[in-house]
Amino acid sequence: MTNEEVKGAQEEEQQAQSKKALKKQQKEAEKAAKKAEKQAKLAAEQQSTDEEDFAKDRYGVPPMVQSQQKLDRTLVRVQDLTPEKAGQLVWVRARVHTSRAKGKQCFLVLRQQQFNVQALVAVSDRASKQMVKFAANITKESIVDVEGVVRKVDQKIESCSQQDVELHIEQIFVISQAEPRLPLQLEDAVRPEGEGDEEGRATVNQDTKLDNRVIDLRTTTSQAIFRLQSGVCQLFRDTLTNKGFVEIQTPKIISAASEGGANVFTVSYFKTSAYLAQSPQLYKQMCICADFDKVFCVGPVFRAEDSNTHRHLTEFVGLDIEMAFNYHYHEVIESITDTMVQIFKGLRDRFQTEIQTVNKQYPSEPFKFLEPTLRLEYREAVAMLREAGVEMGDEEDLSTPNEKLLGRLVKEKYDTDFYVLDKYPLAVRPFYTMPDPNNPKYSNSYDMFMRGEEILSGAQRIHDARLLTERAMHHNIDLEKIKAYIDSFRYGAPPHAGGGIGLERVTMLYLGLHNVRQTSMFPRDPKRLTP
């Protein structure tokens with residue numbers, strides 16, 4: 001290597017080093033500038049904090065409510081915040097659903113059950129910077145008391161139920177603070193199933209919802225479902241009471257399996273064993289024998305069936321009916337179908353808000369029914385199914401897929417989601433079912449269906465002790481175990497019939513939902529015993 005080449009190489013190296021040094025200097029200068037900026041910002045913040053906070057008494061975390069005082073303060077419901085209240089100063093207690101700070105203001109969405117309203121805290125003569133900052137830092141799901149002025153808005157607030165107004169906050173106090181990390185986000189839990197996948201946003205699976213049921217029950221969808229379910233019970237009670245029925249309470253701890261079946265939960269009962277009632281059947285019938293004439297009950301029913309399906313629970317609420325009739329069990333069918341129609345009408349007329357709320361997350365067709373209710377005989381149903389290509393015997397029970405198919409065929413032909421299937425084969429019904437007097441292969445029994453799924457099973461019961469004993473022996477049932485049941489009919493019993501309805505199933509099918517766990521507040525199935 002010549003001297004010149006060595007010199008050139010050295011110069012190149014020096015240039016590279018000076019470039020490096022320059023870069024380093026630049027980086028350090030940037031770092032110093034950033035640091036200075038940060039310090040200036042902190043100093044400014046400190047200064048603003050040090051400035052007298054003129055609104056300090058208008059926000060904060062008051063002492064825990066331990067009933068220290070009775071405040072003469074009226075809280076307005078979120079659903080009542082309407083344009084008529086524009087200009088009024090009101091107090092509201094609600095949850096912080098979402099919040100977003102933007103410069104000198106903070107937008108909150110305040111939620112109360114299935115209703116919500118937009119609220120705004122902005123720096124003004126009523127709210128300081130510190131107050132806005134405080135509002136922006138309140139954790140989601142915390143409960144707050146706010147005082148604010150109701151203001152009309154020019155543009156509808158599509159994301160809130162109260163679309164025509166917003167609340168301009170003048171005071172805000174945290175009554176109960178939520179922990180910062182929520183087990184699930186409420187907006188994820190109400191997102192329609194397909195929507196999340198398309199936009200890459202989260203949806204919450206059913207087990208996560210059920211594991212954190214207290215949070216999940218706060219969603220607008222859950223609130224609507226259980227308010228409507230409460231309506232089903234109320235309408236059931238009111239309709240039957242108006243028809244002259246008496247509400248009864250029946251024991252749930254019993255000495256023998258209610259229906260002579262094996263699907264019962266055994267519980268220890270002092271020095272012996274007892275069972276949880278599979279149905280109030282025996283006691284409803286005893287009340288008819290005791291001249292109560294028409295009875296109903298609403299209560300828990302237990303089934304020890306290892307069924308992990310969309311429509312089975314091990315504990316559910318039974319809406320049970322039993323009534324004496326004069327000459328034909330169709331008198332009872334008519335009474336039950338009329339009760340169901342009154343329930344459907346009541347839900348349609350009184351619970352539109354709830355139906356619409358559920359529809360946003362789980363869209364479905366409105367529930368259709370006829371007056372009077374369509375009643376088909378089992379043989380007609382079998383003929384319809386055979387016509388649609390199903391192979392089945394005359395006395396074969398309906399499988400779940402065939403029930404659903406029949407529901408679709410009935411809807412196409414008669415345009416109804418609710419119908420009765422009458423005259424089931426005797427072979428597929430319990431021993432206490434009255435045989436058909438004209439054809440011993442069939443029985444005076446019926447099922448009722450909503451959207452192609454069974455919601456009620458019922459029949460005329462055998463009210464004669466001799467015939468009941470015969471039928472029990474035919475089914476190989478240990479007579480000793482049902483002695484008390486058979487004895488009820490030895491002292492004169494009126495002809496009677498009835499049926500049992502599952503509350504959760506009715507709610508699920510009326511709303512067009514796809515899993516009964518959505519309509520059971522704290523569901524119990526073979527895999528779930530908590531919460």
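Provide Val174, Val65 ordered by accessible surface of protein heavy atoms (probe 1.4 Å), highest first.
Reading off the accessible areas and sorting them downward yields Val65, Val174.
Averaged per residue, what accessible area in Å² does the chain show with a 1.4 Å probe, protein chains only? Display every interim value, and only then the final one.
Values: 28980 Å² over 531 residues.
On a per-residue basis, the chain sits at 55 Å².
Sort Ser142, Ser488, Ser67, Ser18 by heavy-atom solvent-accessible area, probe 1.4 angstrom, most to least.
Correct descending sequence by accessible area is Ser67, Ser18, Ser488, Ser142.
Ignoring ligands, DNA and RNA, please state the percent of accessible area on the chain from carbon and sulfur, probe 1.4 Å.
That fraction is 49 percent.
Using only protein heavy atoms and a 1.4 Å probe, report how much of Phe302 is accessible, in Å² to the nearest 10.
Around 30 Å² of this residue is reachable by solvent.
Taking H as built 1.01 Å from N, whose amide H comes closer than 5 Å to the amide H of Val246, not counting residues under 5 places away?
Amide H neighbours of Val246, under 5 Å, 5+ apart: Lys294, Val295, Phe296.
Provide Lys41, Lys209 ordered by accessible surface of protein heavy atoms (probe 1.4 Å), highest first.
Values: Lys41 135, Lys209 25 Å².
My answer, sorted largest first, is Lys41, Lys209.
With a length cut of 27 Å (Cα positions projected on each helix's long axis) and a Kyte-Doolittle mean of at least -0.5, go through the chain and give me the DSSP H helices that pass.
On the way: long enough: 3-50 (69 Å, -1.79); 220-242 (33 Å, -0.06); 330-350 (29 Å, -0.28).
TM-like helix candidates: 220-242, 330-350.
Among Val109, Ser159, Phe134, which residue has its Cα positioned farthest towards the positive end of the charge dipole of segment 78-176, with +1 placed on the Cβ of Lys and Arg, -1 on the Cβ of Asp and Glu, and the dipole taken about the Cα centre?
Phe134
If a/c stays under 1.5 just call it rounded; otherwise compare a/b with b/c (prolate if a/b is bigger, oblate if not). Do that for the chain, with a ≥ b ≥ c from the square roots of the Cα gyration tensor eigenvalues.
prolate
Cα to Cα, under 17 Å, and not fewer than 8 places away if on the same chain: which lysines meet these conditions relative to Lys23?
Lys31, Lys34
May I ask you to list the aspartates and glutamates whose Cα is less than 18 Å away from that of Lys284, ignoring any residue fewer than eight positions away on the same chain?
Here the aspartates and glutamates satisfying the reach criterion relative to Lys284 are Glu247, Glu259, Asp293, Asp320, Glu322, Glu331, Asp464, Asp487.
Dipole magnitude of the chain about its Cα centre, charges +1 at Lys/Arg Cβ and -1 at Asp/Glu Cβ only, in debye to the nearest 20?
Around 1600 debye, computed over the chain.
Over all alpha-carbon pairs of segment 389-450, lay out the pair-distance distribution in 10 Å bins, whole %, shortest bin first.
Reading upward from the zero bin: 20, 46, 30, 3.
How large is the accessible surface of Asp338 in square angstrom, using a 1.4 angstrom probe and rounding to the nearest 10?
50 Å²
Please work out the C-alpha center-to-center distance from segment 403-426 to segment 188-244 and express it in whole Å.
Here the two parts' Cα centres lie 27 Å apart.
What lysines could a cross-link reach from Lys527, if we take a straight Cα to Cα line under 21 Å and drop same-chain neighbours fewer than 8 places away?
Once the sequence-local lysines are set aside, what remains near Lys527 is Lys209.
Pairs to check: Lys56/Lys102; Lys27/Lys102; Lys104/Lys156. Give those whose C-alpha atoms are more than 28 Å from each other in this structure.
Details: Lys56/Lys102 21 Å; Lys27/Lys102 32 Å; Lys104/Lys156 23 Å.
Exceeds cut-off: Lys27/Lys102.
With both partners inside the chain, how many of the DSSP beta bridges are antiparallel, as a percent to the nearest 5?
The antiparallel proportion sits near 85 percent.
The values are calculated or read from the model by the stated rules, or taken from the named source; none is laboratory data. A quick note: this is a predicted structure, and the numbers were derived from the prediction, not measured. Positions of Cβ are generated from backbone atoms using ideal geometry, with glycine treated the same way; all protein chains shown enter the neighbour counts. Calculation scope for accessible area: heavy atoms of the full protein, side chains included, ligands and nucleic acids excluded. Shrake-Rupley method; radii C 1.70, N 1.55, O 1.52, S 1.80 Å.
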